[in-house]
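I have placed the structure first, in the form of structure tokens, so that the comments after it can refer back to it.
The values are calculated or read from the model by the stated rules, or taken from the named source; none is laboratory data. Owing to the predicted nature of the structure, the values given are computational and were not obtained by experimental measurement. Cβ sites come from the backbone with ideal geometry, for glycine too, and all protein chains shown count toward neighbours.
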Amino acid sequence: MKKYKFSMLMLSLLSISTVGLGQEKLTLQQAVETALSSNYQLKVAETQKEIASKNAQVGNAGLLPSVSLNAGADYSNTDTEVEFVQAGGAGGSELSTNRQEINGATSLSYNAKLQVDYVLFDGFGNRYNFRKLKETENLESLKYHQEMESTMLQVVQYYYEVCRQQLNLKSAQVSMDVSRQRLEKVNEQYQYGQQNRLAVLNAEVDLNTDSTKVLESEQALEKAIRNLNTVMGQPVDTNYKVEEDVTYQENLDREEIMAEVISSNASLRVQRKQEEISMLDSKVTNANRYPTISLYGAYGWNQQENDASQMVYNRSLGPSAGVKMSMNLFNGSQQRIKEQNARLNIEAQKATTTQQQLELEKEVANAWTDYVYKKQLAKMEETSVEQARLNFEQTEESYAFGQSNTVEFRAAQENLLEAENRLNNARYAAKISEVNLLQLAGMLLKQ
């Protein structure tokens, strides 16, 4: 498998650490590299590429001579009755017959022939076939590259989902710790008569609620890790932590992205190659209108032994050569129909290419809008978290001095947890939208 480097547009992320899969930290680059070497769907695509490469040979297109060796032997043992007509009398004007019977007459024959055949001309069909095989090889290479991009996109999506769930779990654990400390404090105050039983029950309910959120976050994190393991081709129970930092590519230009889509989008390149192959198919079909001229040369040996023949022994040995020509004059209009269908297929492929390009332009426009707005949303959520944290700290301080009640404290706590989760969701959603945009532009991978 060829080594691919990450596009700098995509990996403005983290410095590469030396730890590997199954150790303390897993970086995004390590996750992608693991998937590119172990993903099973990618291995299938690589196998198809190798098959197409092996098929793209001149001999597979009929451009090389064919050599064949044939040999055989026959034996028979029969009772034979033969009647000959022969001339007799004066001047040989009278005819007579002579009958012979041979019981157990044996007949032996042997033959061997080495023959070389070579097509001189078939309307250039073999040459077009070879070009088609080469273009099919290129097509499978494009599909393999497309599968690599798809695999990489899946890894990025699942990786950031693990990041998101990992941060959500941390926030839920912090909130649970706050509720536990509050319960301990309320229990202590209850022992000294400073709080009533209702305050203790409220603190217990809030701690149970936060504990439930922690369990739900743990379950979501485990599910996200299994999804990532699957696309990386690793055992589903492999466990690790991931890097949580994320940065965005700066100075992305909409017009530049659009230009890259037209020239580099993987699915569009695949479709254009399909269009080229349909044109070669038409040329191969049209070649059947022309005669096929071929040469042959052979060296043969034949030997016969026959007890029931006037020629009881015959042997021949030597070369032979010749030229053959064949041409289809009429086959029920099948040739004409095939040519018409080939032309129609070209028009269909061209229409598909145009439609796909229009769809991609629409997708890029939508992806760009999604990218811009999600980055703005992430910045807004950063401000919301700062405000929620400041509000919680002030409420916590007031609560400690008895200036805020339990309801106000709990509301500030929940607002902070909700704001942190919204920020996590917004940050990773913005990064995923950026990666989707780069994938449409064919900029995720470069050789």
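May I ask you to verify whether residue 320 is crowded, with 17+ Cβ neighbours inside 10 Å, in contact with a strand residue (DSSP E or B) (Cβ under 6 Å, 6 or more places away or on another chain) and either assigned to a strand (DSSP E or B) or modelled with pLDDT of 95 or more (or both)? Considered against the rule, which asks whether it is crowded, with 17+ Cβ neighbours inside 10 Å, in contact with a strand residue (DSSP E or B) (Cβ under 6 Å, 6 or more places away or on another chain) and either assigned to a strand (DSSP E or B) or modelled with pLDDT of 95 or more (or both), residue 320 comes out as no.
Here residue 261 meets each of (1) in contact (Cβ under 8 Å) with a residue 60 or more places away in the chain; (2) surrounded by fewer than 17 Cβ atoms within 10 Å (Cβ to Cβ); (3) under 24 Å from residue 150 (Cα atoms) with one exception, condition (2).
Looking at 406, 369 in this structure, which one is buried (at least 16 other Cβ atoms within 10 Å of the Cβ) and either free of Cβ contacts under 8 Å to residues at least 12 places away in the same chain or polar (S, T, N, Q) (or both)? Don't jump to the end; show me each part of the working.
Numbers: 369 fails: buried (at least 16 other Cβ atoms within 10 Å of the Cβ).
The match here is 406.
The set of residues in segment 228-260 being under 30 Å from residue 40 (Cβ atoms) and of a type in the set (A, V, I, L, M, F, W, C) consists of 228, 231, 232, 236, 242, 246. For residues that are in a loop (DSSP other than H, G, I, E, B) and in contact with a helix residue (DSSP H, G or I) (Cβ under 6 Å, 6 or more places away or on another chain), scanning just segment 228-247, find the one that is nearest to residue 36 (Cα to Cα). For segment 228-247, the residue satisfying everything is 233.
Before we move on, is residue 289 closer than 17 Å to residue 129 by Cβ and loosely packed, with under 14 Cβ neighbours inside 10 Å? So residue 289 passes the test.
Of the residues making up segment 380-398, those that are at pLDDT below 95 and exposed (fewer than 12 other Cβ atoms within 10 Å of the Cβ) number 1.
Against the definition (more than 30 Å from residue 149 (Cα to Cα), not small (Gly, Ala, Ser) and not in a strand (DSSP E or B)), how does residue 303 come out, yes or no?
no
Among all positions in segment 344-354, there is at least one residue which is assigned to a helix (DSSP H, G or I), β-branched (Val, Ile, Thr), without any contact (Cβ under 8 Å) to a residue 40 or more places away in the chain and under 21 Å from residue 263 (Cα atoms). Just to be sure, is residue 256 closer than 21 Å to residue 370 by Cα, outside any loop (DSSP other than H, G, I, E, B) and either touching a residue at least 12 places away in the same chain (Cβ under 8 Å) or in contact with a helix residue (DSSP H, G or I) (Cβ under 9 Å, 6 or more places away or on another chain) (or both)? No.
Out of the residues in segment 57-83 that are over 60 Å from the mean Cα position of the chain (by Cα) and in contact (Cβ under 8 Å) with a residue 40 or more places away in the chain, state the one that is farthest from residue 132 (Cα to Cα). Checking each candidate, the answer is 82. Restricting segment 323-350 to residues that are surrounded by 10 or more Cβ atoms within 10 Å (Cβ to Cβ) and at pLDDT below 90, the residue that is farthest from residue 116 (Cα to Cα) is 331.
Being without any contact (Cβ under 8 Å) to a residue 40 or more places away in the chain, part of a helix (DSSP H, G or I) and in contact with a helix residue (DSSP H, G or I) (Cβ under 6 Å, 6 or more places away or on another chain) is a property that holds for residue 391.
Working carefully through the options 294, 264, find the one that is of a type in the set (Gly, Ala, Ser) and under 25 Å from residue 130 (Cα atoms). Result of the check over 294, 264: 294. Scanning segment 112-156 for residues that are out of contact with any helix residue (DSSP H, G or I) (no Cβ under 6 Å at 6 or more places or on another chain) and within 30 Å of residue 218 (Cα to Cα) returns a single hit, 150. Could you tell me whether any residue of segment 134-157 is surrounded by 20 or more Cβ atoms within 10 Å (Cβ to Cβ), over 36 Å from the mean Cα position of the chain (by Cα) and among the acidic types (Asp, Glu)? Within segment 134-157, none of the residues are surrounded by 20 or more Cβ atoms within 10 Å (Cβ to Cβ), over 36 Å from the mean Cα position of the chain (by Cα) and among the acidic types (Asp, Glu).
For segment 411-447, residues that are under 21 Å from residue 391 (Cβ atoms) and aromatic (Phe, Trp, Tyr) total 0.
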